[in-house]
Amino acid sequence: MAINGIQFQKGMSLAQFMKEYGTEAQCEEALVKARWPDGFRCPRCAHRLAYEFKRGATRYWQCKACRYQSSLRAGTVMEHGQLPLTTWFLAIYLMTQSKTNIAALALMRHLGVSWKAAWLLKHKLMEVMAQREADRPLEGCAGR
Ligand SMILES: [Zn+2]
């Protein structure tokens with residue numbers, strides 16, 4: 001899952017975060033890099049070449065070998081959400097930078113989303129983070 005690869009430097013300031021991840025395009029670029037650090041790789045056949053196209057606001061990659069279409073959100077916790085990537089990124093930032101467990105209510109206020117959306121974000125991201133710990137138990141905060 002691409003969002004698994006999203007990690008911010010410890011102690012990154014909010015100002016720095018907004019500079020690097022403040023726009024939808026910046027978040028998208030970060031996700032592309034997290035998903036395919038060495039360039040595109042088809043999730044189905046591992047082919048390396050794809051046609052890129054857009055449908056609405058969504059970017060798609062169609063594998064040149066098997067024609068499988070992937071998008072950044074497909075197969076991730078963000079798949080069914082309508083929330084912009086900037087909201088997901090800010091939620092991750094807030095959740096990973098706070099030493100204590102951030103409350104859904106605080107997320108709601110910081111993100112400007114409904115309580116239900118904040119609660120869902122928090123729980124989905126906690127699952128992702130728990131998964132990340134389980135996958136890489138010996139890796140500390142090596143940065144990006
Ligand atoms: Zn393919």
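Here, each number is a calculation from the coordinates, and none is a lab measurement. Small disclaimer: the values here were computed from a predicted structure and weren't measured. Quick reminder, even Gly has a Cβ in these numbers, built from the backbone with ideal geometry, and neighbours come from all protein chains shown.
Structural remarks
- 19 Å Cα-Cα reach of LYS33 towards lysines, excluding residues that sit fewer than 8 places from it in its own chain: LYS19, LYS54
- Net lengthening on full extension, GLN97/LEU83 (0.36 nm per residue, minus Cα-Cα): 3.0 nm
- Within the straight-line cut-off of under 13 Å between alpha carbons, the aspartates and glutamates reachable from LYS124 are GLU79, sequence neighbours fewer than 8 places apart in one chain being disregarded.
- Relative contact order, percent, the chain [alpha-carbon distance under 8 Å, six or more residues apart]: 25 percent
- Packing-based exposure ordering (other Cβ within 10 Å, fewest first) of MET108, MET18: MET18, MET108
- Net charge over other residues, Cβ less than 11 angstrom from the Cβ of GLY81 (K, R count +1; D, E count -1): +1
- Neighbour net charge for ILE102 - beta-carbon separation under 11 angstrom, K R +1, D E -1: +3
- For the chain, the longest principal axis of the alpha carbon atoms and the long axis of helix 24-35 meet at an angle near 70°.
- Amide H contacts of ARG59: LEU72, each under 5 Å away and 5 or more positions distant or on a separate chain (H built 1.01 Å from N in the peptide plane; Pro and chain starts excluded).
- Put in line by how crowded their Cβ is, counting other Cβ atoms within 10 Å and starting with the fewest, ILE92, ILE102 read ILE102, ILE92.
- For region 65-71, the Karplus equation 6.51 cos²θ - 1.76 cosθ + 1.60, evaluated at θ = phi - 60°, returns couplings of 8, 10, 6, 5, 9, 10, 10 Hz by residue, with Gly and Pro reported as x.
- Semi-axes of the equivalent ellipsoid of the chain are 27, 18, 14 Å, computed as sqrt(5λ) over the eigenvalues of the C-alpha gyration tensor in descending order.
- Helical runs (DSSP H, four residues minimum) scored at -39500 (n - 2.57) apiece and divided by the length of the chain put the mean residue ellipticity at 222 nm at -13500 deg cm²/dmol.
- Which of LYS124, LYS33, LYS10 has the fewest Cβ neighbours within 10 Å, and the rest in rising order: LYS10, LYS33, LYS124
- The gain in end-to-end length when the TYR68 to ALA15 segment is fully stretched comes to 15.2 nm, 0.36 nm per residue minus the alpha carbon separation.
- For LYS64, the aspartates and glutamates whose Cα comes closer than 16 Å to its Cα, not counting residues fewer than 8 places off in the same chain, are GLU52.
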